[in-house]
Amino acid sequence: MQDTINTRGLYRFRVRDAAGVVVADWTDHNRVVDEGLDYALSAALAGGSPITSWYLGLTDSAPSPDAADTLGSHSGWSEVTAYDESARQAWTPGSVSGQSVDNGGSVATFTINADSTTIGGAFLASADSGTSGTLFSIAAFSGGDVTLSAGSTLEVTATFTDSAA
């Protein structure tokens, strides 16, 4: 019997208005890009250097994730930085259990600082800013873009699961 490894990600998004009231809550699957898959194989099986810090960032409207995307080259989307925090938010994972890991104990929160900010997805990368580093995955909102007002927040929880199929 042959098994394959299937790496999947699920991003949970929660929007709160300026008063802190939850106005939307949904999940979307992601695309683990080629660079992320190569990194996982290198770090786990080929003696590559582990990356110990990961960060969540936001994309603009209607992102088109592609397997070839990297932080330095991704023609299907642009990064959104219209939030109060000084950089991408740290993805702080809990312990791996049942072939799954997430940042549910430390949800990444982005406080929007400009009215009419359109967001279409999120990504996980090894750098807190800039175009250098490793892009692991990107998730596009399946229900369409969201437009947020200053003072609202977008909370992002990313869960990654490996399974033998």
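The values are calculated or read from the model by the stated rules, or taken from the named source; none is laboratory data. Predicted model, so just to flag it, every value in this text is computed and none were measured. Every residue, glycine as well, gets a Cβ built from its backbone with ideal geometry; the counts of neighbours run over all protein chains shown. These area figures cover heavy atoms from the full protein model, side chains too; ligands, DNA and RNA do not enter into them. Shrake-Rupley method; radii C 1.70, N 1.55, O 1.52, S 1.80 Å.
Here are some notes:
- Rg/Rg_ref, the stretch 82-147, where Rg_ref = 2.2 N^0.38 Å and atoms are Cα: 1.25
- The stretch 1-100 has equivalent-ellipsoid semi-axes of 28, 18, 15 Å, by the square roots of 5 times the alpha carbon gyration tensor eigenvalues, sorted largest first.
- Translational D in µm²/s for the stretch 6-59 (Stokes-Einstein at 4 °C, 1.567 mPa s, Kirkwood Rh from C-alpha pairs): 93 µm²/s
- As a length-normalised measure over Cα pairs under 8 Å and 6 or more apart, the relative contact order of the stretch 1-119 settles at 18 percent.
- Sulfur and carbon atoms: percent of accessible area, the stretch 82-146 [1.4 Å]: 43 percent
- Å² of accessible area per residue within the stretch 5-63, as computed with a 1.4 Å probe and no ligands counted: 56 Å²
- Carbon + sulfur, % of accessible area of the stretch 1-79 - ligands and nucleic acids excluded, 1.4 Å: 50 percent
- Ellipticity estimate at 222 nm from DSSP helix runs (n ≥ 4, -39,500 (n - 2.57)) divided over the chain, nearest 500: -2500 deg cm²/dmol
- Axis of helix 34-45 versus longest Cα principal axis of the chain: the two differ by about 50°, to the nearest ten degrees.
- Counting all C-alpha pairs of the stretch 31-160, share separated by more than 25 Å (%): 22 percent
- Spin-label proximity, VAL21 to the stretch 137-163 - amide N less than 19 Å from point 7 Å beyond Cα toward beta carbon: 147-155
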